[in-house]
Amino acid sequence: MKRGDYNDNEILIECLKGDDKNAFTYLIDSYHNRLCVYANSLVKNIYNAEDIVQNVFLRTWEQRSQLKSNHSIKSFLYKSVYNEFIDQYRKNQYLISLEKSYFDALNEVVSEDNSETINEVITVVKKEIQNLPPRCKEVFILSKQEGLTNIEIAEYLNVSIKTVEAQITKAFSILRLTMAEKVKGFLFLLFGYKKSIFRN
């Protein structure tokens with residue numbers, strides 16, 4: 001197989017599925033730098049970006065038998081980089097609890113003597129978030145705990161921005177109904193949402 005033949009998307013994928021290591025080398029040579037630039041635009045760290053791209057290429061080779069010759073390998077790689085970014089972002093951000101993320105804001109309205117109140121509120125909020133409907137919870141966490149924009153969430157979940165907005169509004173409505181009055185007062189500080197959502 002000539003290197004030039006790999007320019008054909010279908011031939012390249014079929015060669016990868018056929019365990020052609022030259023095809024895999026061609027894939028890396030063709031997309032590594034471009035994918036690193038894209039990944040870096042997401043993570044803002046070139047070293048993490050390179051790790052993401054390395055993981056994507058490794059997984060692509062390991063799962064090469066599942067590649068579909070009628071699908072664009074370029075689109076597949078870019079989507080894989082984005083999904084890897086989301087997976088790593090989730091793992092990293094999950095370790096940053098609400099206590100750390102929003103303690104400064106809460107501290108403005110709660111004195112140090114009431115630190116137990118802060119922990120109680122955060123515990124209640126976390127519990128109620130876990131009780132949200134599955135898709136509603138997923139969108140809410142991506143938005144309010146992980147900080148993704150509505151556009152990023154819509155792209156990741158393959159839904160419309162309107163759907164994302166509706167799920168976030170639904171989440172707040174449920175939280176408003178299920179939480180006690182003293183907890184509702186902290187929601188605006190926790191999530192920076194419109195206070196009108198929490199009014200009776």
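The values are calculated or read from the model by the stated rules, or taken from the named source; none is laboratory data. Since the structure is predicted, the reported quantities are computational estimates derived from the model, not experimental observations. Please note: Cβ atoms are built from the backbone with ideal geometry, for glycine as well, and neighbour counts cover all protein chains shown. Surface accessibility is based on the protein's heavy atoms, side chains included, excluding ligands, DNA and RNA. Shrake-Rupley method; radii C 1.70, N 1.55, O 1.52, S 1.80 Å.
Residues in the stretch 64-80 that are in contact with a Leu (Cβ under 8 Å, 6 or more places away or on another chain) and part of a helix (DSSP H, G or I): how many?
If we filter the stretch 64-80 for residues that are in contact with a Leu (Cβ under 8 Å, 6 or more places away or on another chain), which is where we start, we get 64, 67, 73, 76-78.
With part of a helix (DSSP H, G or I) added as a condition, the list becomes 64, 73, 76-78.
Of the residues in the stretch 64-80, 5 are in contact with a Leu (Cβ under 8 Å, 6 or more places away or on another chain) and part of a helix (DSSP H, G or I).
Can you name the condition, by its number, that Asn55 falls short on among (1) over 22 Å from Gly18 (Cα atoms); (2) modelled with pLDDT of 90 or more?
It is condition (1) that Asn55 fails.
Go through (1) open to solvent by 50 Å² or more (accessible area, probe 1.4 Å); (2) under 29 Å from Asp87 (Cα atoms) for Tyr31 and report which single condition fails.
Unmet condition: (1).
Among the candidates Val125, Val139, single out the residue that is modelled with pLDDT under 85 and either surrounded by fewer than 17 Cβ atoms within 10 Å (Cβ to Cβ) or part of a helix (DSSP H, G or I) (or both).
On the way: Val139 fails: modelled with pLDDT under 85.
Among Val125, Val139, only Val125 is modelled with pLDDT under 85 and either surrounded by fewer than 17 Cβ atoms within 10 Å (Cβ to Cβ) or part of a helix (DSSP H, G or I) (or both).
Considering only the stretch 142-160, state which residues are part of a helix (DSSP H, G or I), closer than 21 Å to Tyr78 by Cα and modelled with pLDDT under 85. Step through it out loud before you land on a result.
If we filter the stretch 142-160 for residues that are part of a helix (DSSP H, G or I), which is where we start, we get 142-145, 150-157.
Narrowing further to those that are closer than 21 Å to Tyr78 by Cα: 142, 150-157.
Within the stretch 142-160, just Asn150 meets the criteria.
Of the residues Thr163, Thr117, which is at pLDDT 85 or above, hydroxyl-bearing (Ser, Thr, Tyr) and either within 30 Å of Ser80 (Cα to Cα) or open to solvent by less than 60 Å² (accessible area, probe 1.4 Å) (or both)? First the steps, then the outcome.
Numbers: Thr117 fails: at pLDDT 85 or above.
None of the others qualify; the one that does is Thr163.
When you check Ala49 against the structure, is it surrounded by 18 or more Cβ atoms within 10 Å (Cβ to Cβ) and under 30 Å from Glu146 (Cβ atoms), yes or no? Don't jump to the end; show me each part of the working.
On the way: surrounded by 18 or more Cβ atoms within 10 Å (Cβ to Cβ): yes; under 30 Å from Glu146 (Cβ atoms): yes.
Taking the combined requirement at face value, the residue satisfies it.
Looking at Asn45, Asn83, Asn70, which is the one that is over 24 Å from Ala154 (Cβ atoms) and in contact (Cβ under 8 Å) with a residue 60 or more places away in the chain? Before you say what the answer is, go through the steps one by one.
On the way: Asn45 fails: in contact (Cβ under 8 Å) with a residue 60 or more places away in the chain; Asn83 fails: over 24 Å from Ala154 (Cβ atoms).
Sole residue among the options that is over 24 Å from Ala154 (Cβ atoms) and in contact (Cβ under 8 Å) with a residue 60 or more places away in the chain: Asn70.
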